[in-house]
Every structure is written in structure tokens, then in C-alpha cells.
1. From S245, S210, grab the single residue that is polar (S, T, N, Q), under 23 Å from Y45 (Cα atoms) and modelled with pLDDT of 95 or more.
2. Criterion first (within 16 Å of the ligand (Cβ to nearest atom) and modelled with pLDDT of 95 or more) does L58 satisfy it?
3. Is there a residue in region 264-274 that is more than 30 Å from F54 (Cβ to Cβ), among the basic types (K, R) and open to solvent by less than 70 Å² (accessible area, probe 1.4 Å)?
4. Would you check if L237 is in a helix (DSSP H, G or I), open to solvent by 30 Å² or more (accessible area, probe 1.4 Å) and within 30 Å of T176 (Cα to Cα)?
5. I'd like the full set of residues that are over 17 Å from R194 (Cβ atoms) and surrounded by fewer than 20 Cβ atoms within 10 Å (Cβ to Cβ), limited to region 143-169.
6. Go through F209, F153 for me and flag whichever is within 16 Å of the ligand (Cβ to nearest atom), in a strand (DSSP E or B), under 23 Å from L75 (Cα atoms) and among the aromatic types (F, W, Y).
7. Starting from region 214-227, take each residue that is assigned to a helix (DSSP H, G or I) and list its partners that are surrounded by fewer than 19 Cβ atoms within 10 Å (Cβ to Cβ), counting only C-beta distances under 7 angstrom and pairs at least six apart or across chains.
Amino acid sequence: MTALPITQLTPPDDRIELGIGQPDPALLPAALFESNHVDTQNLAYGFEAGDGRFRESLAAWLGRHYSVQVAPESLMITNGSSNALDMICTRLGQTNKTVLVEDPTYFIARRQLADHGFTVTAVPMDDGGVDLAALERLIHTHRPAFFYTIPTFHNPTGITQSDERRAALVRLGRETGCPIVADEVYPLLHFNDRTPPPLASYDERATVFSVGSFSKILAPGLRLGWIQGTPATLEHLLEGALLASGGGLAPVTSSLVRPLIEDGRLESYLDLLRETYRKRLTVLADSLTEHLDGRLEFTIPGGGYFLWGRWTEASDTAQRLPRARELGVGFLPGDRFSDSPEQARCLRLCFAFYNETQLAEAGRRLGQVFG
Ligand SMILES: Cc1ncc(COP(=O)(O)O)c(C=O)c1O
């Protein structure tokens, strides 16, 4: 027994904290790892792009999901999406120090970009994702190092860019020479139809990095993810001194996860997650509808982790946090994801972490907070 913390998060006892964007600990699949063993070869420094066998299994699996061809050579293994973004920042930020992001965007990505010294400029979104005309103007003005986007079950808005919007975005990237970094950690958590393919699958002539992760489809403690891009695009990342010194990332973890991909256990687990989250979302949305009576506008996302609400009163949701705490409920206010006053009226609610009973109760308490 240790008095030191083991995990990043200790959920509060006195509050249903819907600001937590992590998997429910009760759903983490320890049993899946009981019989797995580590391959001796994976105890050596790994190949820079990752274990070839793992890349082959992952490529075949992704290809089946998205109904597109994914070549193993188009994948490099990372320690999750955050690590992938960090490596991309290191390698692409050597000259230009401006990055474009969506408004709003994932709040920790904003911090990561700031850590790398980037000036971050936000591009407006509409109901279908980033506003491409505004993006085009800003690309011409700033000539950014890259555009960071979350095309599927966007964090925080839940929006998914349509197939047409994705194709147009990639075309814009190709025509302007602006690299695109697509943070695609949620697309496999779709509740109904399958989602469109990763942005990196659209046009090999564009520079697109599609970043994937096992954090939300298996377990974040694995620190395992990937970047999809053309071999030429990935080359620039693979040449970095980090991989030359330390070898490819996550060789041991890759050898633990590969059997789960190959024998279908990952697939069954993912089915369970989809079903569980789909029900949780319904419960939360129903409770909000019942208790907020239109004071919070929202669109039901087709998957992912988050429901994004817009408070119909024209003031910042952050002002209501102290009251929410008193009433035993939490949320992330819109100002965490954006500097624009319009987004400050919004709030992000995660439906993945708590069970249905807790989510129903959270909706009731939010009704009091915004009542
Ligand atoms: C959009 C987005 N990117 C990245 C992450 C973190 O992913 P990883 O655990 O793979 O670093 C999250 C987790 O909340 C996320 O929502």
C-alpha cells in the first residue's frame, strides 16, 4: 500500500463531475490482459515506426472499420495522441510559430501548442465543422505550421465533419500547402452509423497526419496510439533524434495489445463501450430535457464522449461553477475551449465517466444550477 497517488485523477466524492473526460474506471478491461505475454523481441529497442507486426494488425483492423485501404507503412506508433501532437509540434514548428485550431477546441491541445511556443489562432466552426472559407483566409494570412482539427465527435462540440467537408478540407490543405493534423481519438466510438474515414485516407498528395489512440477504445494507461500519414510525410517525424536515441515507441505495450486486435477481443470490448456510452448519452440528454426545459440547447452527438450545451441566457457558464459545486455537480465551462464570448455561454458535459443513475441525477442538479 502506498500513500502516493497511482492515477491522474481522484474523482470527488461529493460531486458528479461531468467535466471529467476519462473512461469510467469500472469499465477498464484488466481481464483482457491477464493471459498476454511479452515477446522477447519487444524488449529490445524498437523499430522507429513501431513493431512491424503490430502495424500490420492495426492497419488491417483500421481498414476493416473504415472500409478503406490502410497500409502498414502509413502508420507509426506513438505513446497516444498527446505524444503524437507533441512530436508533430517539435518537428513542424521549427520555422513557423503559428497554428490554426478550431473555435472551440480541446483545451489541453491549446496548452500543448502554447508549450511549444505557438501563437494559436482560432477558426470559426459551424454546425458541420470548421468554416472552410474562414480557414482558407487565415491560411493565406498566417501561413501556419499546421491546422489542428478534431474531425469526428469533436471535443468539445461533438460535431462530425461530413465526408464532403473532409474531402474539401483535405483539398484546401493540398492546394495551400498547409499541413493538417487531425486528432481522431473518438471515431471508433460511433453509436449508429460508421464514421467517415480518417482525413489521412483522402488524398496522398496532401500533408495530413491522422492521429489515433487506444486511450478511449481500450485504456489510457497503455499510452498507445498511432499516426497515419503517407510514408513520405511520416519520414520527417521518424528522423527525429527522439526515436534515434530511444527507438520506436511502446514496443512492449504493442505486444500486449496485438493479440486483442487479432483475436477479436478488442472488437467485442468496443461493442460493449459503444452500447454503454450510447445508453448513458440517452439518459443524460433525457434528464437535461426534463430538468432544463430548453434553457440548455444541445444537439445529440453520434458518438464520442461529450455533449456540448449552449445556455440560452446570454452569460458565461463559468459564473455558475460555484453554484454547481454547492449542488454537487460539475461541468467544463466554454471559456476553457475558446477565447470567444459566444463559446463562453456553452458547457461541455462528459457522458462516459459516470453510470446511468449518476447521469440522471447530474441532469437534475444541472436543472437547479441553471434554473
Ligand atoms: C481530442 C483529444 N485528443 C487527445 C486526447 C488525449 O489522448 P491520449 O490519451 O491518446 O493522449 C483526448 C482525451 O481527452 C482528446 O479528447
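The values are calculated or read from the model by the stated rules, or taken from the named source; none is laboratory data. Remember, predicted model here, so these are calculated numbers, not experimental data. Glycine also receives a Cβ, built like all others from the backbone with ideal geometry; neighbour counts cover every protein chain displayed. Protein only, heavy atoms only, side chains kept; ligands, DNA and RNA dropped before computing areas. Shrake-Rupley method; radii C 1.70, N 1.55, O 1.52, S 1.80 Å.
1. On the way: S210 fails: under 23 Å from Y45 (Cα atoms).
None of the other options fit; the residue is S245.
2. Numbers: within 16 Å of the ligand (Cβ to nearest atom): yes; modelled with pLDDT of 95 or more: yes.
Judged against the criteria, L58 is a match.
3. Of the residues in region 264-274, the ones more than 30 Å from F54 (Cβ to Cβ) are none.
Taking every residue of region 264-274 in turn, none turns out to be more than 30 Å from F54 (Cβ to Cβ), among the basic types (K, R) and open to solvent by less than 70 Å² (accessible area, probe 1.4 Å).
4. Numbers: in a helix (DSSP H, G or I): yes; open to solvent by 30 Å² or more (accessible area, probe 1.4 Å): no; within 30 Å of T176 (Cα to Cα): yes.
No: the conditions fail for L237.
5. R143, A168
6. When all the criteria are applied, what remains is F209.
7. Final answer for the pair search is P220/Q22.
A quick yes/no check of all residues on (1) free of Cβ contacts under 8 Å to residues at least 40 places away in the same chain; (2) of a type outside the set (A, V, I, L, M); (3) open to solvent by 20 Å² or more (accessible area, probe 1.4 Å):
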{"residue": "R171", "(1), (2), (3)": "yes, yes, yes"}
{"residue": "P187", "(1), (2), (3)": "no, yes, no"}
{"residue": "F209", "(1), (2), (3)": "no, yes, no"}
{"residue": "A232", "(1), (2), (3)": "yes, no, yes"}
{"residue": "G247", "(1), (2), (3)": "no, yes, no"}
{"residue": "L260", "(1), (2), (3)": "no, no, no"}
{"residue": "T276", "(1), (2), (3)": "no, yes, yes"}
